[in-house]
Amino acid sequence: MRRFIRHPTDFPILVFSKDSSHGDEASLCDISQGGLACSLQRKLRLGESVALGIPSLQQGYRISGLVVRCRHYGKGYRIGIQFSDETEAFKSKMVEQVCQIEHFRRELRRDGCELDSEAAAREWIERFGSQFADMFSG
């Protein structure tokens with residue numbers, strides 16, 4: 001069974017470090033209960049503290065973590081970030097669920113079905129909620 005979730009590409013993330021107070025745009029690859037993997041143009045140091053945000057979804061919202069892996073990958077780096085604690089992991093789960101629901105809503109709109117955020121959330125939870133919860137359970 002898959003233990004991580006593919007993040008929708010229509011929600012890029014920002015990685016904030018002490019060297020980038022405005023954040024570096026990154027492509028989030030996978031997210032799980034304990035952390036995430038993303039692609040970034042520059043190298044980060046192992047053990048470096050970072051904050052993550054999704055500005056297109058929620059301005060000013062941050063999740064903190066620690067760089068646990070940094071490998072050269074293609075034209076950039078694949079970065080592994082471990083969430084700082086259980087609170088940060090829970091926040092990431094909630095934010096990821098909102099991203100998944102909004103992505104689902106956009107897909108429905110492309111197919112000609114217009115739902116407000118609340119209706120899309122109910123539909124997404126009915127279809128995918130238990131599967132999503134299973135992926136985030138320990």
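Values as computed for the structure displayed
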| item | result |
| --- | --- |
| Which listed residue, of Ser20, Ser32, Ser49, Ser39, is farther than 15 Å from Lys91 by Cα and at pLDDT below 90 | Ser20 |
| The one condition in (1) closer than 18 Å to Pro12 by Cβ; (2) in a helix (DSSP H, G or I); (3) of a type in the set (S, T, N, Q) that Ser130 fails to fulfil | (1) |
| Subset of region 58-74 [loosely packed, with under 13 Cβ neighbours inside 10 Å and modelled with pLDDT of 85 or more] | Arg71, His72, Gly74 |
| Looking only at region 75-92, and only at residues there that are at pLDDT 90 or above and farther than 17 Å from Glu48 by Cα, the one that is surrounded by the most Cβ atoms within 10 Å (Cβ to Cβ) | Gly76 |
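The values are calculated or read from the model by the stated rules, or taken from the named source; none is laboratory data. Here the structure is a predicted model, which means the values were calculated and not measured. Heads up, the Cβs are rebuilt from the backbone with ideal geometry, glycines too, and the neighbour counts pull from every protein chain shown.
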